[in-house]
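Data block below; observations after.
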Amino acid sequence: MVQPDLGGGLRATLKRMSREPLLYFLITGGALFVWFGLISAEIPEATSSRIVIDERSFDRYLMHRNPRLDLVNARRMASEMSDSQRDSLVEQMVREEVLYREALAIGLDTNDYASKRRLITQLDYINQASFHDGIVVSNADITRYFQIHQDRYREPPRITFTHVFFSSDRHADPKKIAMERKESLNREQIPFHLGTSYGDHFLYHRNYVGKTYDEVASHFGSGFAGAVLELSKRQQWEGPVASEYGQHLVMIGDRIAARVPPLEEVAGRIREDLILERVEQKRQQFFERALARYDVEIELDGLLDAEFIP
């Protein structure tokens, strides 16, 4: 009996596939379809439903999070933690272990802690993609959310100003010099746009347009920002106002009071916030359903003894 030439048939098929991309696509797609069908038909259960958080695992967790810790220092750190700090880390450990085992249950295997974290992140990414599906945010949802959370979208006050700077590095008494220059600037009625011709060079800018408290504080310090936002809009030089760098004479160009923008201006932001909030709710629901499949045991009494080293 003549045996069939399986090798020749395979070579012929591969040669034909190279000439016919559509055939290659159909065969490859079919194989993937069968494979995904097999893995999705029945998701295997995790190997154990028991999670034990004891002193040894807690120490290892601290050492994984901070590779510079040895066992002695990890144990010492654990024993010196407050109850709230320890409870927070235990909660994180349980969450990670549950999600890790859920990832193992669908066939994604790994060993070391860094890979474990990547695996958890991968599972979370896959879940979030599916959680977005089916979320519908209506105009009524947006309106209701805006009514409840208006303060979240409140815009802070903004200010436009220019300043004349007197450096504490260059002058023994910059405040005195600023007071003297203030009198001359106001007497000569030096306007807003000519203020840059006076004073010392400043590290950042001379003119600031439509800036918030935080933006001003990032350049001058919080004391200066608070004082400047209290100044009124007048066509004269005010101050001096102290900053981290010296003294400043300030002229206010414009002030915009804090406001809640109309709904139409922030509807897009609200829609995104609503979607993110609902995705987060689904993430938490997923975790709680997964957590219900495990028996979690916390055994950390030994951490109270800093001298005990396992």
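The values are calculated or read from the model by the stated rules, or taken from the named source; none is laboratory data. From a predicted model like this one, the values you see are computed outputs, not experimental measurements. Note that each Cβ is placed from the backbone with ideal geometry, even for glycine, and that neighbours are counted across all protein chains shown.
Taken over the stretch 141-167, the criterion of being hydrophobic (A, V, I, L, M, F, W, C) and out of contact with any strand residue (DSSP E or B) (no Cβ under 7 Å at 6 or more places or on another chain) is satisfied by 142, 146, 148. Taken over the stretch 280-301, the criterion of being among the acidic types (Asp, Glu) and over 13 Å from residue 96 (Cα atoms) is satisfied by 280, 295, 297, 299, 301.
Selection of the stretch 195-218 for residues being within 15 Å of residue 245 (Cα to Cα), assigned to a helix (DSSP H, G or I) and in contact with a strand residue (DSSP E or B) (Cβ under 8 Å, 6 or more places away or on another chain) yields only 216. One residue stands out in the stretch 219-268 among those that are part of a strand (DSSP E or B) and basic (Lys, Arg): the one that is surrounded by the most Cβ atoms within 10 Å (Cβ to Cβ), namely 255. Looking only at residues of the stretch 151-163 that are in contact with a Pro (Cβ under 9 Å, 6 or more places away or on another chain) and outside any loop (DSSP other than H, G, I, E, B), we find that the one that is surrounded by the most Cβ atoms within 10 Å (Cβ to Cβ) is 153.
Applying the condition of being exposed (fewer than 13 other Cβ atoms within 10 Å of the Cβ) and of a type outside the set (Gly, Ala, Ser) to the stretch 195-218 and asking which residue is farthest from residue 256 (Cα to Cα) yields 201. Considering (1) surrounded by 15 or more Cβ atoms within 10 Å (Cβ to Cβ); (2) at pLDDT 90 or above; (3) over 26 Å from the mean Cα position of the chain (by Cα), the lone condition that residue 180 does not fulfil carries the number (1). Residues of the stretch 114-150 that are of a type in the set (A, V, I, L, M), in a helix (DSSP H, G or I) and exposed (fewer than 12 other Cβ atoms within 10 Å of the Cβ): 114, 129, 140, 148.
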